[in-house]
Amino acid sequence: MSKVSDYVDNLLSRLRNGEVASLARAISLVDSHADVGNALHHAVRPFTGQAEVIGITGPPGAGKSTLINALITELRGQDKRVAVVAVDPSSPISGGSVLGDRTRMGEHTDDPGVFIRSLSARGHLGGLSASVLRVVDLIDAAGWDVVILETVGAGQSETEVAEVADINVVINAPGLGDDVQAIKAGILEIADVLVVNKADSPLAQRTERQLKAMLQLRREESQQVPVVSTIATAGSGIEELVSAIGSQSQSKFNASKSERLLDRTRRLLAQQAAEQLKCWLQGDTSPESASIITAVIEGNCDNEKAITDLIRIRYGAIL
Amino acid sequence: MNQPLTVTSHNLEGSPARALITKIGLDGHDRGSRIVAAYLRDAGMEVIYTPPWQEIQSVVQLALQEDVDLIGISSLATDHLIIPEMMAALREAGLDSVEVFVGGIIPEQERPMLLKAGVRAIFGPGSQRDDIVECAKGLAAESREKKQQAFGG
Ligand SMILES: Nc1nc2c(ncn2[C@@H]2O[C@H](COP(=O)(O)OP(=O)(O)OP(=O)(O)O)[C@@H](O)[C@H]2O)c(=O)[nH]1
Ligand SMILES: [Mg+2]
């Protein structure tokens, strides 16, 4: 036991000292759900809250990785230390994966002010990996200024990134099949900034018009979502993108780090609570719970009341 | 069912092995490395795949940041001649626990030089998929064993 806490202390202090190998190792431990990963995550908690977390999501091939490459260049120009976590899908058959996002960021490999880590979704649905929130905390505690998250190619209902990132950039591009189909309303809902990439394509203006029309259908506040057009391969529009991210962050958190951290931690707890509750409820096969469920089946009890009852009978004592 | 903060193990048991499949030097023929990347993926590994022409320092950075267990280098021309330099750079960066294997066309008389530099296995043309996968799995397991020891596990 003490050996393990020594181990965690050692890794933590090396990670806090900026040792890349220790951060990389800590991420593996958290990602593998080793018990020490829990201990590590707990230990870094007091040091989190400095980094800004930017999520980048959008359909496969829209240019997420290429855009991140250009974003890194821009942010490095502002002297920010930038970390990227890129999540790729895993094969449902072998569980293996080829993690290729960082290929597009190759020009930054040797920059000590850039840290890039590829993660496999490991079967997790929702566009990220199950561990990504904790991975972000580790990077934050290691002192990186910005953490950019690339989700797997999404665009349908993979909105999980909204629970992790402070600011969500949703990116679309012309020529990905039917433009409107490539990106669904659900994913537009989470956008703080919308990007129309591949603006060098003749069809880009049409995509932009369609996106703006879709935004009009959304609630009042969301009409203020800025739409930025970019050519990621040429780095054009990136300055505008960075300033759009900055002003959205400003209005969301009043430029206050503590408000941002409060919001992030609330999202983390809500996510964990949902998972834990699901686990509890599914595992509860007591006769009491069976009778509540039977009442639902027979139409004598609505879902909401049943859920409250299920929680109460089982956990009333500790709630 | 509360998850208390008890710690019983800190190995990576059960999580997929991580491999870097890459090419150093001037040769751009990446068919071999693509095939091996696919073999390892299909064997359940997480493969960081890069285009050819990586600098030695980039390989070190990739291995560090991605915390890989093994590195596979494909060499079809003379790229393998700089592998000893790469091995030294890995050691310099403290990556002693990362195992390295090489595939491609390596002249018989140059193999001892690679093995002496720390390369663990060499696969020539016509190597069987199963042999490569088997070897990679074994090396990944050894790497993890070493990493755990290095941290006093
Ligand atoms: N013409 C043009 N091509 C671009 C632009 N941005 C990216 N691309 C190309 O689009 C292709 C896909 O780019 P990626 O950055 O890999 O796209 P992605 O969204 O990360 O893809 P996944 O991670 O596979 O979902 C590549 O061939 C890029 O070179 C752009 O602004 N203009
Ligand atoms: Mg990508």
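The values are calculated or read from the model by the stated rules, or taken from the named source; none is laboratory data. Everything numeric here is computed off the predicted structure, so don't read it as measured data. As a convention, Cβ positions derive from the backbone with ideal geometry for all residues, glycine included, and neighbour counts pool all protein chains shown. Please note that ligands, DNA and RNA were not included when accessible areas were found on the heavy atoms of the full protein model with its side chains. Shrake-Rupley method; radii C 1.70, N 1.55, O 1.52, S 1.80 Å.
Details
- Relative contact order %, the range A:48-255, counting alpha carbon pairs below 8 Å whose residues are six or more apart: 26 percent
- Degrees between helix B:83-92 axis and first principal axis of chain B (Cα, 0 to 90, nearest 10): 30 degrees
- A/B buried area, accessible surface, summed, 1.4 Å probe, Å²: 3400 Å²
- For GluC sites (Glu not before Pro), the sites in the range A:244-319 that DSSP calls loop and that have at most 11 other Cβ atoms within 10 Å are A:298.
- Cα gyration tensor shape of chain B, rounded if a/c is under 1.5, else prolate or oblate by comparing a/b with b/c: prolate
- By the helix-only formula, in which each DSSP H run with n ≥ 4 contributes -39500 (n - 2.57) and the sum is divided by residues, the protein assembly as shown has a 222 nm mean residue ellipticity of -14000 deg cm²/dmol.
- Under 12 Å, Cβ to Cβ, from residue A:45 - net charge with Lys/Arg +1 and Asp/Glu -1: 0
- For residue A:124, the amide hydrogen comes within under 5 Å of the amide hydrogens of A:130, counting only partners 5 or more places away or on other chains and with H modelled in the peptide plane.
- Net lengthening on full extension, residue B:146/residue B:55 (0.36 nm per residue, minus Cα-Cα): 30.2 nm
- Largest-first principal axis extents, alpha carbons of the range A:48-255, Å: 44, 41, 31
- Computed lengthening from residue A:243 to residue A:47, 0.36 nm per intervening residue step minus Cα-Cα distance: 67.9 nm
- Accessible surface area normalised per residue over the range A:48-255 is 37 Å², counting heavy atoms of protein chains with a 1.4 Å rolling probe.
- Whether the range B:58-112 is rounded, prolate or oblate, judged on the alpha carbon gyration tensor where a/c under 1.5 counts as rounded: prolate
- The range A:48-255: antiparallel DSSP beta bridges as a percent of all, rounded to 5: 5 percent
- Cα-based Rg of the range A:1-47 normalised by 2.2 N^0.38 Å, two decimals: 1.02
- Across all directions, the average flat footprint of the convex hull enclosing the Cα atoms of the range A:1-158 is 9.5 nm².
- Estimated FRET transfer efficiency when R0 is 25 angstrom, pair residue A:311-residue A:125 (beta carbons, to 0.05): 0.50
- Long-range tail of P(r) for the range A:12-84 (Cα pairs > 21 Å, %): 43 percent
- Rolling a 1.4 Å probe across the protein heavy atoms gives chain B an accessible surface of 47 Å² per residue.
- Between residue B:38 and residue A:3, the simple spin-label model (points 7 angstrom out along Cα→Cβ) gives 4.4 nm.
- Between residue A:79 and residue A:210, the modelled label-to-label distance comes to 4.4 nm, taking each label 7 Å out from Cα in the direction of the beta carbon.
- Cα gyration tensor shape for the range A:179-319, rounded if a/c is under 1.5, else prolate or oblate: prolate
- Zone of residue A:107's modelled label, taken as backbone nitrogen in the range A:222-258 under 14 Å from a point 7 Å along Cα→Cβ: A:231-239
- In sequence order, calculated HN-Hα J values of the range A:51-62 (Karplus, 6.51, -1.76, 1.60; Hz; x Gly/Pro): 7, 8, 10, 10, x, 10, 9, x, x, x, x, 5
- Backbone N under 17 Å from the residue A:17 label point (7 Å along Cα→Cβ), restricted to the range B:124-153: B:150-152
- Pairs from the table (A:64/A:212; A:64/A:252; A:257/A:278; B:23/B:146; A:80/A:252) lying more than 27 angstrom apart at Cα are A:257/A:278.
- Semi-axes of the equivalent ellipsoid for the protein assembly as shown, computed as √(5λ) from the eigenvalues of its C-alpha gyration tensor and ordered from largest down, come to 39, 30, 22 Å.
- Listed residues A:149, B:45, A:89: farthest to the positive end of the dipole of the protein assembly as shown (Cβ charges): A:149
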